[in-house]
Amino acid sequence: MTADFLADDAPLRDWDNDCLWHPFTPMSAWRTEQAPIIVRAAGFQLYDQDGRGYLDGISSLWCNVHGHTVSEIDQAIQAQLQKVAHSTLLGLASEPSIRLARALVDRAPQGLTRVFYSDSGATTVEVALKMAYQYHRQKPEGPEERDTFLCVGNAYHGDTLGTVSVGGIDLFHRVYRHLLFPTLTVPSPVALRIPEGHTRESWLQHCFDDVERTIQANHQRLAAVVMEPIVQGAAGILVHPPGYLKHIRELCTRYNVLLIADEVAVGFGRTGTLFACEREQVSPDLLCLAKGISGGYLPLGATLATERIFSAFLGDPWQGRTFFHGHTYTGNALGCAAGLASLQLFEQRHVLENVARCSQTISDKLRAIADHPHVAEIRQCGMMVGIELVRDRAPLTSFPVEFRLGHQVTLAARRRGVILRPLGDVVVLMPAPGMDVANVEILCDVAIESIEEVTSAARQRLSVPA
Ligand SMILES: *Cc1c(COP(=O)(O)O)cnc(C)c1O
């Protein structure tokens, strides 16, 4: 007998435990956690099958922009659905993908004139890496064999093998190290854990100098520098010091190395500007966009390229200069329709002004725990926030990993009706750029209460002899 998978009284909890394998999830612990099964949403609330509401404090893993069931986006998708849900971009063009490409080129940093679609963040970075690599072999000033990339320490660019190769998060990436292509890495310019012999200032200066030395010494073999501009998300919301992005842009220009900006997380308003590169008036050579591009509704990605790069792929078809890459759902019509509606809402609802207002609310609210004995650092850029929890602030000591402290905080927040997801012991707040001040305040209050509850329980646990 096969199950009636559409039955109203289907045992969803059992089927989830029996049939699913969740991403980035230790599955043996999953069963005991009774995660909410979301059946609908409205605005910034998610509702489970028992009708309980939860504030979406992480924008559904950093992609939601204006909230859920937003009538303008719903209607745009429905209108597109009446016409066609999907048709290919291989050999055919499609209306919504053309309109969205026009809109993106008009809004992106200067010089990015070509849009190559795919369907996730990882694919947009894969595309950029392959474009950069092939570009140097075909560029008009003469072919060059450039065989590697420069990455920033603790980078995260996705989970496919190419993007893992340019990533640097040991916990996620070390298992696959023999499968990866070699790259060069410079340290992430952040100053919480400073190597011995350095002050905060001397360490940051060292990071600026190191990237300069590395590019200078290796520019003939570097196809590109690939980086998350301004904020490294998955590394724990690491906010770069002002000028670092601009510094790298200048070095890339000087040494003729391409700059790939992965704005998958920081794009679409999260840092306060539509694109994070705008904060330092930087135009990358390749710009990777996903997550918020469809308002967080549908899987869509876009890699934007300059005309200089694009033109290196031109020539007679039989010359083999073509970019031989594509995904079946490239430029999906529903995703592009959602993306167009989302961009329109940015203007109609003054979303960037909302981000400025809510960022201020967040920093005012979180000041309450700035001196908390278990808060090492509160990092914030716009509506991206990381609160790093530690056992001791001086010297900086972590809680035992088996405490799963960040995870405990999300469970405590869930009991209070708020969804969070940590990065290790960093509590992440990532409200949608369109979230209203009242909900942002609730999010901050619940995060603070949950951190206080969990750290005081952890302190007790540590003081009781085993
Ligand atoms: C999430 C993320 C990705 C990967 O996007 P997927 O859609 O999950 O493949 C790539 N780069 C950055 C900076 C991200 O935050």
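Structure notes:
- DSSP-defined antiparallel bridges as percent of all bridges, segment 72-348, nearest 5: 45
- Inter-part distance, segment 162-228 to segment 308-360, computed on C-alpha centroids, equals 28 Å.
- Going by neighbour counts of Cβ atoms within 10 Å, the residues Val166, Val70 line up, fewest first, as Val70, Val166.
- For the chain, the number of Lys pairs with C-alpha atoms closer than 28 Å, counting only pairs eight or more positions apart or on separate chains, is 7.
- Over 31 Å [Cα-Cα, the chain], rounded percent: 45
- Residue-averaged [θ]222 nm for the chain, counting only DSSP H segments that reach four residues, each worth -39500 (n - 2.57): -12000 deg cm²/dmol
- Applying the Karplus relation 6.51 cos²θ - 1.76 cosθ + 1.60 with θ = phi - 60° to segment 329-334 yields 3J(HN,Hα) values of 8, 2, x, 3, 5, 5 Hz, where x marks Gly and Pro.
- Linear extension gain, Asp316 paired with Arg177, 0.36 nm per residue minus alpha-carbon span: 46.2 nm
- Likely footprinting exposure, Trp30, Trp318, fewest C-beta neighbours within 10 Å first: Trp318, Trp30
- J(HN,Hα) series, segment 43-51, from Karplus relation 6.51 cos²θ - 1.76 cosθ + 1.60, nearest Hz, glycine and proline x: x, 9, 9, 10, 10, 8, 5, 8, x
- For Thr306, nonlocal amide neighbours, meaning residues 5 or more places apart or on other chains whose placed amide H falls under 5 Å from its own, are Thr113.
- Among 431-443, 280-292, sorting by the average number of other beta carbon atoms lying within 10 angstrom of each residue, highest first, gives 280-292, 431-443.
- Going by neighbour counts of Cβ atoms within 10 Å, the residues Thr124, Thr163, Thr306, Thr397 line up, fewest first, as Thr397, Thr306, Thr163, Thr124.
- Protection proxy ranking of 84-93, 15-24 - average other beta-carbon atoms within 10 Å, highest first: 84-93, 15-24
- Remark: relative contact order (the chain) = 20 percent; criterion is Cα-Cα distance under 8 angstrom and separation of 6 or more residues.
- Treating each Cα of segment 49-187 as one equal point scatterer and applying the Debye formula with no solvent, the log10 of I(q)/I(0) at q = 0.10, 0.12, 0.14 Å⁻¹ comes out as -0.56, -0.78, -0.99.
- Our coupling estimate for segment 369-377, obtained by passing each phi through the Karplus curve with A = 6.51, B = -1.76, C = 1.60 and θ = phi - 60°, is 10, 4, 9, 4, x, 10, 9, 6, 6 Hz, Gly and Pro reported as x.
- Contact order relative to length of segment 72-348, as percent, for alpha carbon pairs under 8 angstrom and 6 or more apart: 30
- Highest mean first, the peptides 361-374, 383-396, 44-57 sorted by other C-beta atoms within 10 Å per residue fall in the order 383-396, 44-57, 361-374.
- Euclidean distance between Cα centres, segment 238-278 to segment 36-89, Å: 29
Values in this text are rule-based calculations from the coordinates and carry no lab data. Every value quoted in this text rests on a predicted model; they were computed, and no experiment measured them. Here Cβ is always computed from backbone atoms with ideal geometry, including for glycine, and neighbour counts include all displayed protein chains.
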